[in-house]
Amino acid sequence: MEMERVRRNAEALVEKAMKGNDASHDAAHVWRVRDLALSLAKEEGLSSHHHSMQIEKIVENFLDEEGVEEDIKSKILKIIKGMGFKEEVTGNGNSELFPEFGVVQDADRLDAIGAIGIARCFTFGGSRKRLLHDPAIPPRSDLSKEQYMNKEEQTTINHFHEKLLKLKDMMKTKAGKRRAERRHKFMEEFVKEFYDEWNGLELFKNGAPKLVQMLGIVQSCECN
């Protein structure tokens with residue numbers, strides 16, 4: 001009953017703290033991650049009585065005010081501090097890999113890929129007024145933490161190459177790896193289709209369309 005009270009208070013805090021955020025990082029994102037983490041924990045055979053606490057990015061003051069047990073509080077704070085992509089991509093990820101950390105991090109990353117991840121990516125890019133794509137701005141590789149955080153001159157489609165398409169191979173749990181496969185494949189297909197449409201190549205996927213044939217006939221007539 002005590003844990004249920006803390007959970008309700010945490011949910012109220014999330015709703016308040018994330019109110020007004022764009023849809024890429026709103027409360028619904030937190031609830032999806034929570035539900036993913038709970039289901040991953042079940043697949044991994046972990047107890048789930050406090051996972052919802054861990055996902056909701058609760059600050060230390062809140063944990064103290066609620067009187068959360070010290071061992072649980074310590075795990076929550078370690079998860080929050082070490083689960084970010086920007087830390088791990090530069091080799092500075094959380095070295096204390098306990099089961100709950102992997103479950104929560106995988107859940108957060110699963111919500112960043114697949115159909116939901118694509119929607120979130122373009123929502124966030126739109127909120128920052130980023131270009132969809134610019135062929136003159138290639139994706140960056142071998143990024144430092146500082147370079148990754150500097151996204152002012154980057155495009156939304158580049159974020160797939162710089163982060164999202166890397167997440168499948170960074171999953172920690174067996175359950176997370178299994179689920180990431182399908183979402184990753186969907187994302188790869190989307191990115192390929194995006195470039196094909198951008199470059200007009202989708203016109204030729206099923207052979208020359210009638211419109212192209214007609215344009216050729218018109219051009220031929222004009223030459224005569």
Rough spin-label spacing in nm, given labels placed 7 Å along Cα→Cβ, for residue 141 and residue 97: 2.5 nm
Dmax and Rg, reported as Rg then Dmax, of segment 1-199 (C-alpha, Å): 17.5, 58
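Each value in this text was obtained by applying a stated rule to the coordinates, not by laboratory testing. In this text the structure is predicted, and so the values were computed from the model without any measurement. Neighbour counts run over all protein chains shown; Cβ positions are idealised from the backbone, glycine included.
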